[in-house]
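Colleague: Take a look at the following structure, please.
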Amino acid sequence: MKSATEIKVAATIGAILFFAGSAHAQRQMEKLGRGLVAVDQGEGKVYVGWRMLGTDPDGIAFNVYRDGTRVNSRPITDSTNFVDHGGGADAVYTVCPVISGSEGRPSAPAEVWKQNYLSVPLQTPSGYRPNDASVGDLDGDGVYDIVLHQAGRGADNARAGRTDPPILEAYKLDGTFLWRINLGRNIREGAHYTQFMVYDFDGDGKAEVACKTADGTVDGEGNVIGDRNADWVNRDGKILDGPEFFTIFEGRTGAALATADYIPPRGDVGGWGGIGGNGRNDTKGNRVDRMLACVAYLDGVRPSVVMCRGYYGRSVLAAWDWREGELTSRWVFDSAKPGLQGYSGQGNHNLSVADVDADGKDEMVYGAMCVDDNGDGLYSTGLRHGDAMHVGDLDPTRPGLEVWSIHENERPIPGYENGFGSALFDAATGEVIWGADRGRDVGRCVAADIDPRHLGAECWGGSGGLRNIKGQAIGSRPRSQNFVVWWDGDLLRETLDRNRIAKWDWEKGSENRVFTAEGCSSNNGSKATPALSADLFGDWREEVVWRTRDRKELRIYTTTIPTTHRFYTLMHDPQYRLSIAWQNVAYNQPPHVGFYLGVGMKTPPRPSIRTPACENGNKQQ
């Protein structure tokens with residue numbers, strides 16, 4: 001573990017570099033079209049929204065066309081949406097960029113939606129239900145496609161019981177079915193087993209899918225990985241024997257491109273306990289089979305995939321590169337190695353990825369600890385295992401990023417008796433800024449700007465009601481403690497829970513519902529999360545993807561509330577885009593950007609990214 005002096009020096013250097021993004025190499029990111037949407041609002045009004053890209057010049061303007069006729073009187077410079085008062089349900093819209101007075105090529109045309117959601121029809125297998133989703137451009141057309149986890153009968157690690165094989169499916173936004181991967185009976189169904197990453201790992205403009213596989217996994221073309229007939233499920237329904245694999249699948253077809261042994265192997269199933277949670281151990285798979293995963297730019301230029309195992313005690317993170325058709329191991333971090341004991345038991349039921357030290361490369365915030373881009377331990381806070389956390393520029397008065405997290409500290413353990421159950425700490429150093437709930441097991445937490453009277457994010461979770469970013473109690477808190485979403489026209493974030501979006505009334509201390517997805521259901525029990533929330537199209541605000549109660553479709557809801565705030569698409573902010581990649585992992589958490597987005601914000605920094613050469617072309621949604 002690095003010394004406190006080394007950490008402070010690194011943080012000082014990082015703070016200097018944090019505001020000098022041009023000093024960093026450009027990250028390779030996916031090309032995107034304008035993501036144009038048009039939604040009928042009745043009485044001749046049509047809401048139109050589109051993307052500004054992270055590669056667009058600052059002075060870019062836009063013209064909106066209905067059926068080939070421009071409908072705005074002058075180029076639009078103050079937003080990326082427009083309400084056309086002369087439209088109709090049968091109109092077709094396009095948008096054109098205007099740069100230095102010259103109009104560029106039009107976007108792909110967009111037909112008018114009859115409602116404020118896009119329906120994606122599904123081919124859900126009998127006995128299954130749509131669960132978590134992710135997105136990537138699987139075929140290189142500049143439009144996101146959906147990879148969906150179809151979940152059958154599942155079981156938590158702590159319980160016995162045989163499960164159904166997890167299934168991954170891919171769909172285009174028009175419902176075109178692309179492929180199905182059946183992970184097989186030797187992969188258990190549940191939140192802690194099936195972590196799938198969707199990202200363009202090799203830079204060819206088409207996303208791949210990466211996940212843990214086993215004997216009997218069937219790829220999207222019907223090919224079997226390992227032994228088709230092997231059955232490693234024991235009488236408790238758990239899989240604690242047999243080979244474990246890691247596979248990269250082609251996004252377009254679902255074909256297995258490369259398979260390697262999973263790192264780390266189980267080893268001694270009783271060797272994964274420690275100080276996290278209640279500090280106990282087991283030999284029944286409750287600790288050895290806790291899996292996480294993420295995508296990170298470990299060299300600052302190209303993405304790697306990081307597959308993880310364990311967090312209650314021993315924690316192992318294994319980084320992989322998929323380059324030019326070769327799958328190679330980059331590094332392995334193992335808290336069981338001598339000198340890394342302080343990292344034991346510090347993991348979460350989730351993780352985050354961010355450039356915490358501002359060196360242009362990503363770190364893995366693995367709960368109460370952080371692993372550097374080179375696979376070394378950056379710091380361990382000692383706060384122990386927890387269920388939820390939020391990483392971002394939560395306090396704009398401090399340089400760099402912060403982490404708001406909660407922890408399970410209900411059982412005294414020598415050296416950890418007075419740990420905080422909720423805490424804000426510096427993302428670069430692990431220094432605790434303030435904390436609360438000593439000796440308590442806190443289960444949920446949220447950080448978002450919901451009160452304009454206090455600069456920065458507000459924090460809730462644990463005792464003490466709502467706190468501002470300085471830790472001061474400022475009143476009652478929202479009942480919702482799951483997700484948040486940028487939905488309406490201001491800079492505050494709304495709460496997202498079950499199939500509802502609500503606005504926090506900071507004067508009355510209450511939530512006012514502003515939207516309900518009728519006929520839709522949330523996922524993951526009391527976690528009540530959507531299939532996905534992300535900035536998928538339209539302007540910078542977020543869409544929410546829910547499954548319908550009959551399990552026959554996904555609905556992608558978009559806001560139609562005009563806003564005069566203009567930002568580039570959040571999907572071109574590297575930290576936000578990587579948040580979408582890990583959102584499906586274990587106890588899902590909402591995404592955050594790498595800059596402060598809220599009341600009192602400054603102009604967002606231009607992302608240091610590069611994309612293939614069609615971002616202003618016409619391969620667009």
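Colleague: Sorted by accessible area with a 1.4 angstrom probe, largest first, how do 404, 506 fall?
Modeller: Values: 404 0, 506 75 Å².
So, going from the largest accessible area down, we get 506, 404.
Colleague: Need one number for segment 320-400: average projected area of the convex hull over its C-alpha atoms, nm². It would help to have the intermediate numbers written out before the result.
Modeller: Numbers: hull surface 26.6 nm².
Mean shadow area of the hull around the Cα atoms is 6.7 nm².
Colleague: Using all Cα-Cα distances in segment 424-541, what percent lands in each 10 angstrom bin from 0 up to the longest?
Modeller: Per 10 Å bin, starting at zero, the Cα-Cα P(r) for segment 424-541 comes out as 12, 41, 34, 12, 1 percent.
Colleague: Additional query: Return the lysines within reach of residue 238: Cα separation strictly under 21 angstrom, same-chain partners fewer than 8 residues apart disregarded; answer none if there are no such residues.
Modeller: 212, 284
Colleague: What figure in square angstrom, to the nearest 10, would you give for the accessible area of residue 162 with a 1.4 Å probe?
Modeller: 100
Colleague: Ok, one more. Please report Rg over Rh for segment 283-322, where both radii come from the alpha carbon positions and Rh follows the Kirkwood definition. Show your work: numbers first, answer last.
Modeller: Values: Rg = 12.3 Å, Rh = 11.1 Å.
That ratio is 1.11, to two decimals.
Colleague: Extending each Cα 7 Å along its Cβ direction at residue 470 and residue 85, get the distance between those two points in nm, one decimal.
Modeller: Label-label distance for residue 470 and residue 85, simple model: 4.5 nm.
Colleague: OK, next. Measure nothing but the geometry: give the 0 to 90° angle between the long axis through the Cα atoms of 4-18 and the longest principal axis through the Cα atoms of the chain, rounded to 10°.
Modeller: It is inclined by approximately 10 degrees.
Colleague: Around residue 363, which amide H atoms from residues at least 5 apart in sequence, or from another chain, sit under 5 Å from its own amide H, with H modelled in the peptide plane?
Modeller: The answer is 354, 355, 356.
Colleague: Arrange the residues 94, 569, 176 by how much accessible surface each exposes, largest first, with a 1.4 angstrom probe.
Modeller: Values: 94 30, 569 0, 176 60 Å².
Putting 94, 569, 176 in descending order of accessible area: 176, 94, 569.
Colleague: Now for a separate question. Over the Cα atoms, compute the radius of gyration (one decimal) and Dmax (the largest Cα-Cα distance, rounded to a whole number) for segment 351-510, in Å.
Modeller: Taking only Cα atoms of segment 351-510, I get Rg and Dmax of 15.6, 50 Å.
Colleague: While we're on this one: For the full complex of protein chains and a 1.4 angstrom probe, list 438, 498 by accessible area with the highest value first. Walk me through the numbers on the way to the answer.
Modeller: Numbers: 438 140, 498 105 Å².
The ordering from most to least exposed comes out as 438, 498.
Colleague: Same structure, new question: Please list, in chain and number order, the residues 5+ apart from residue 486 or on another chain whose amide H is under 5 Å from its amide H, with Hs placed from the backbone.
Modeller: Answer set, sorted by chain and number: 494, 542.
Colleague: Hey, got the dipole for the chain? About the Cα centre, +1 on K and R Cβ, -1 on D and E Cβ, debye to the nearest 20?
Modeller: Values: 68 positive and 82 negative charges, 264 e Å.
The dipole magnitude comes to about 1260 debye.
Colleague: Still on this model: Give me the percent of DSSP beta bridges within the chain that run antiparallel, rounded to the nearest 5. Please report the intermediate quantities before stating the final value.
Modeller: Numbers: 131 of 136 bridges.
In the chain, DSSP labels about 95 percent of beta bridges as antiparallel.
Colleague: Quote the Stokes-Einstein diffusion coefficient, in whole µm² s⁻¹, for segment 475-518, based on the Kirkwood radius over alpha carbon pairs, a temperature of 37 °C and a viscosity of 0.692 mPa s.
Modeller: Numbers: Rh = 10.6 Å.
Answer from the Stokes-Einstein relation: 309 µm²/s.
Colleague: Kindly provide the pair-distance distribution of the chain built from C-alpha pairs, with 20 Å bins from 0 and whole-percent values in order of increasing distance.
Modeller: 20, 57, 22, 1
Colleague: Oh, and also: To the nearest 10 Å², what's residue 437's accessible area with a 1.4 Å probe?
Modeller: Only protein atoms counted, so the area is about 20 Å².
Colleague: For segment 408-478 and segment 291-314, compute the distance between their C-alpha centroids and round to whole Å.
Modeller: 25
Colleague: Sticking with this one: Would you kindly state how much longer the chain becomes between residue 176 and residue 561 on full extension, computed as 0.36 nm times their sequence separation minus their alpha carbon distance, in nm to one decimal? Kindly include the intermediate steps, with their values, before the conclusion.
Modeller: On the way: separation 385, 0.36 × 385 = 138.60 nm, distance 2.94 nm.
Fully extending the segment from residue 176 to residue 561 adds 135.7 nm.
Colleague: Considering only protein heavy atoms and a 1.4 Å probe, what is the carbon-and-sulfur percentage of the accessible area of segment 421-534? Intermediate results must be reported in sequence, preceding the final value.
Modeller: Details: 1720 of 4030 Å².
Answer for segment 421-534 is 43 percent, counting heavy atoms of protein chains only.
Colleague: Turning to a different aspect of this structure: Over segment 471-621, calculate the relative contact order: mean separation of alpha carbon pairs under 8 Å at least 6 apart, over the residue count, as a percent. Intermediate values should be presented prior to the final figure.
Modeller: Values: 245 pairs, mean separation 26.9, N = 151.
Contact order relative to length: 18 percent.
Colleague: Mind listing the phi-derived Karplus ³J(HN,Hα) values for segment 104-112, rounded to whole Hz, using 6.51, -1.76 and 1.60 with θ = phi - 60°, and x for any glycine or proline?
Modeller: Once rounded to whole Hz, the list reads x, 5, x, 6, 4, x, 10, 7, 7.
Colleague: Separate question: Given an 8 Å cut-off on Cα distances and at least 6 residues of separation, report the relative contact order of the chain as a percent.
Modeller: On the way: 1796 pairs, mean separation 97.6, N = 621.
For the chain, the relative contact order is 16 percent.
Colleague: Taking K and R as +1 and D and E as -1, what net charge do the other residues with C-beta under 14 Å from the C-beta of residue 519 add up to?
Modeller: Details: positive: 498, 500, 547, 549, 551, 552, 555; negative: 518, 550, 553.
Net charge in that neighbourhood comes out at +4.
Colleague: For the chain, report the accessible area per residue in Å² (1.4 Å probe, heavy atoms, rounded to an integer). Show your work: numbers first, answer last.
Modeller: Values: 21580 Å² over 621 residues.
About 35 Å² of surface per residue is accessible.
Colleague: Pop out the carbon and sulfur fraction of the accessible area of segment 148-301 as a percent, whole number, probe 1.4 Å.
Modeller: Numbers: 2340 of 5250 Å².
Here carbon and sulfur together make up 44 percent of the probe-accessible area.
Colleague: Now a separate question. Could you tell me what a quarter of the Cα convex hull surface of segment 117-227 works out to, in nm² with one decimal place?
Modeller: On the way: hull surface 31.1 nm².
Taking the Cα atoms of segment 117-227, their convex hull projects to 7.8 nm² on average.
Colleague: Apply the Karplus curve 6.51 cos²θ - 1.76 cosθ + 1.60, θ = phi - 60°, to the phi angles in segment 383-390 and return the couplings in whole Hz, x for Gly and Pro.
Modeller: The phi angles translate into 6, 6, 4, x, 9, 8, 6, 9 Hz.
Colleague: Given the DSSP H assignment, sum -39500 (n - 2.57) over each helix run of at least 4 residues in the chain and divide by its residue total; what's the result at 222 nm in deg cm²/dmol, nearest 500?
Modeller: -1000 deg cm²/dmol
Colleague: In the neighborhood of residue 450, defined by Cβ-to-Cβ distances under 14 Å, what is the net charge if each Lys or Arg adds +1 and each Asp or Glu adds -1? Before the final figure, lay out each step's value.
Modeller: On the way: positive: 453, 467, 477, 479, 493, 503, 508; negative: 449, 451, 458, 488, 490, 494, 497, 505, 507, 511.
Spelling it out: positives minus negatives among the neighbours equals -3.
Colleague: Turning to a different aspect of this structure: Percent relative contact order of segment 163-265, based on C-alpha pairs within less than 8 angstrom and at least six residues apart?
Modeller: Working: 222 pairs, mean separation 24.2, N = 103.
With pairs under 8 Å counted, the relative contact order is 23 percent.
Colleague: Further question: Determine ³J(HN,Hα), in whole Hz, for all residues of segment 36-50 in sequence, where each value follows from phi through the Karplus function 6.51 cos²θ - 1.76 cosθ + 1.60 and θ = phi - 60°; x replaces Gly and Pro.
Modeller: 5, 10, 9, 10, 5, 10, x, 6, x, 9, 10, 7, 10, x, 7
Colleague: OK, next. Give, as a single signed number, the net charge of other residues whose beta carbon lies under 12 Å from the beta carbon of residue 494, with Lys and Arg counted +1 and Asp and Glu -1. Working shown, then result.
Modeller: Working: positive: 493, 500, 503, 513, 541; negative: 449, 488, 490, 497, 505, 511, 542.
So the environment of residue 494 carries a net charge of -2.
Colleague: Tell me the accessible surface of residue 326 in square angstrom (1.4 angstrom probe, heavy atoms of protein chains only), to the nearest ten.
Modeller: 110
The values are calculated or read from the model by the stated rules, or taken from the named source; none is laboratory data. Quantities reported herein were computed from a predicted structural model and do not represent experimental measurements. Positions of Cβ are generated from backbone atoms using ideal geometry, with glycine treated the same way; all protein chains shown enter the neighbour counts. Calculation scope for accessible area: heavy atoms of the full protein, side chains included, ligands and nucleic acids excluded. Shrake-Rupley method; radii C 1.70, N 1.55, O 1.52, S 1.80 Å.
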